[in-house]
Amino acid sequence: MSTFISLDAQLNQLFLKGKMAVEAEGGTTGEEQAKQARQQLLNKVKPSWDYMTKEFNIRQLHYQLGPGSLSFLRVHKPNKFGDRMDDLRFTIVDTNAEKKARFGFETGRIYSGLRGVSPIWANHPETNEKVYVGAVEVGTSFKQILPIFTDIFNVNIAVLLSKAHINNKMWSEYIDEYFKLNPDINYYLESTTSEYTKNILSYISITDSFKADNVKLIKKGDQYLSIYYFPLRDYRAQKNEALPPSGFILMWEDVSSLVESFERGFIVNIVFFIIGFILIEIGLIWIFNRESKLSVAEHEASTDGLTGLFNRRYYDDVLKIESERSRRFSQPLSLIICDLDYFKSYNDAYGHQQGDECLKVVAKVLNTQAKRSSDIAVRYGGEEFVIILPNTTLEAAVTIAKNINKAIYSLSIAHKNSRIASCVTITLGVACTDNLEQNCDLFTTADKNLYLAKNSGRNKIQPEVSPKN
């Protein structure tokens with residue numbers, strides 16, 4: 001969800017406006033300009049926030065500036081901002097430091113929960129260069145996950161956090177508010193699927209390490225219950241095992257039917273009992289980490305492994321969205337198809353490993369030329385690349401293509417097998433929705449122009465349009 005929000009160019013520009021105001025007005029909270037920018041961002045993101053809380057039970061949306069973690073806007077608590085959490089919110093700190101998305105369990109000033117954090121980029125209003133702004137965080141709670149697990153495995157689960165963990169991280173007024181219904185136990189009850197959690201805890205002793213030596217079997221009235229617990233480690237403790245866990249996961253299951261059949265198959269029942277709990281723990285760990293894996297898988301599925309550009313699959317999705325947006329708002333959409341000249345001959349001369357290095361360098365040039373946050377550079381396949389340019393005229397797209405052509409040539413990458421130059425060159429075909437012939441789509445037109453440029457000698461751009469004055 002944080003990835004989805006981080007792709008909204010309008011929100012990103014408002015966030016950049018706020019960052020610049022904070023810096024101009026002395027940092028931390030800023031003054032009047034920062035206040036106005038914060039309110040504008042809140043007004044813009046509020047409809048999306050209302051939808052996410054209703055449809056996906058999201059409970060936290062937070063914009064934070066780097067370096068470290070400086071709160072700019074808590075959409076869920078808009079009156080709380082300007083505080084630093086460098087020693088508290090390590091998903092934010094790492095995202096701002098490495099400019100990569102992060103996911104994990106973490107406790108903040110107001111909530112504990114599962115957090116997804118994505119980096120934000122925007123275009124500088126003066127230079128139009130793509131600049132890093134900060135991070136956006138979306139948070140949800142175990143309350144949305146535990147019922148799913150209970151339905152699948154027919155067990156009750158509770159998430160309990162140590163008082164030391166909570167007292168060191170959350171603001172005291174939110175501890176009182178959030179845990180006001182907390183049972184009279186030595187832990188804060190974050191979430192549970194049963195009202196009998198306190199009663200279950202009375203049957204067992206929790207170790208300081210939150211690691212159970214074995215499964216405990218108890219009799220409660222007419223029921224036999226198996227109870228097990230294991231440590232819950234937050235984002236930082238997962239990276240550093242020397243740190244203490246944040247609390248523990250408690251699970252219990254009605255095993256009366258197993259106990260009643262104990263005499264009929266002692267060994268068989270115990271084996272299945274142990275295997276069942278192993279599978280349950282594996283399943284719980286899988287569910288707790290599924291968002292992280294999905295986020296990584298989504299990124300890998302949309303990115304070319306060699307160059308880091310977006311891949312063909314992502315191109316198909318984005319072009320469909322941008323084409324619809326172009327039609328709806330009557331805005332021009334341009335496309336550039338780029339093809340390295342005689343690249344097979346380059347691989348024959350220098351080897352595929354050197355060829356891969358060449359592709360990486362070219363990809364960096366293309367990504368640099370795709371300056372706006374809405375511009376998308378794609379490795380389409382082999383030595384062929386595509387750039388999607390929303391709200392861009394044919395003349396502007398041709399100018400970008402010429403800049404790419406010059407930039408690749410200026411790299412002076414030696415190419416002794418080229419038939420047109422002593423270095424690597426690139427040929428480009430350009431098309432725009434405002435200039436399409438009847439019954440021709442955008443890609444077909446750009447591809448046609450690419451081959452016209454190749455047939456006219458390569459290292460060229462088609463069409464050769466001069467920018468409008």
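FYI, it's all coordinate maths here, none of it is from the lab. Just so it is clear, the model here is predicted, and its values are computed rather than measured. Using ideal geometry, Cβ is built from the backbone for each residue, glycine included, and neighbour counts are taken over all protein chains shown.
When both the stretch 38-115 and the stretch 419-469 are represented by their alpha-carbon centers, they are found 44 Å apart. How fast does the chain diffuse by Stokes-Einstein, in µm²/s, taking the Kirkwood radius from C-alpha pairs at 4 °C and 1.567 mPa s? So the translational diffusion coefficient is about 50 µm²/s. In the chain, helical runs assigned H by DSSP with n ≥ 4 each contribute -39500 (n - 2.57); averaged across all residues and rounded to the nearest 500, the mean residue ellipticity at 222 nm is -13500 deg cm²/dmol. Sorting 372-383, 38-49 by their mean Cβ neighbour count within 10 Å, with the most densely packed peptide first, gives 372-383, 38-49. Amide H to amide H distances under 5 Å link Phe72 with Tyr63, Gln64, Leu65, Gly82, where only residues 5 or more positions off or on other chains count and H is placed in the peptide plane. Membrane-span-like helices of the chain, defined as complete DSSP H segments with a Cα extent of 15 Å or more along the helix axis and a mean Kyte hydropathy of at least -1.0, are identified as 9-24, 266-302, 352-369, 394-410, 442-455. The listed peptides 6-19, 312-325, 229-242, ordered by packing as a protection proxy, come out as 6-19, 229-242, 312-325 (highest mean of other Cβ atoms within 10 Å first). The lysine pair count for the stretch 310-430, using Cα distances under 17 Å and pairs eight or more places apart or on different chains, is 6.
Once the C-beta distance of Val361 and Gln10 is scaled by a Förster radius of 30 Å, the resulting FRET efficiency is 0.35 to the nearest 0.05.
Positive contributions from Lys and Arg (+1) and negative ones from Asp and Glu (-1), summed over other residues with Cβ under 13 Å from the Cβ of Tyr315, come out at -2. The local environment of Val93, defined by Cβ-Cβ distances under 13 Å, has a net charge of +2 under the rule Lys, Arg +1 and Asp, Glu -1.
In terms of overall dimensions, the C-alpha atoms belonging to the stretch 128-218 reach 67, 34, 26 Å along their principal axes, ordered largest to smallest. Each other residue within a Cβ distance under 13 Å of Ser374 adds +1 if Lys or Arg and -1 if Asp or Glu, for a net charge of +1.
Peptides 88-95, 130-137, 359-366, 214-221 ordered by packing proxy, namely the average of other Cβ atoms within 10 Å per residue, highest first: 88-95, 130-137, 359-366, 214-221.
Within the same chain, lysines fewer than 8 places from Lys54 are excluded, and of the rest, those with a Cα less than 18 Å from its Cα are Lys44, Lys46, Lys77, Lys143.
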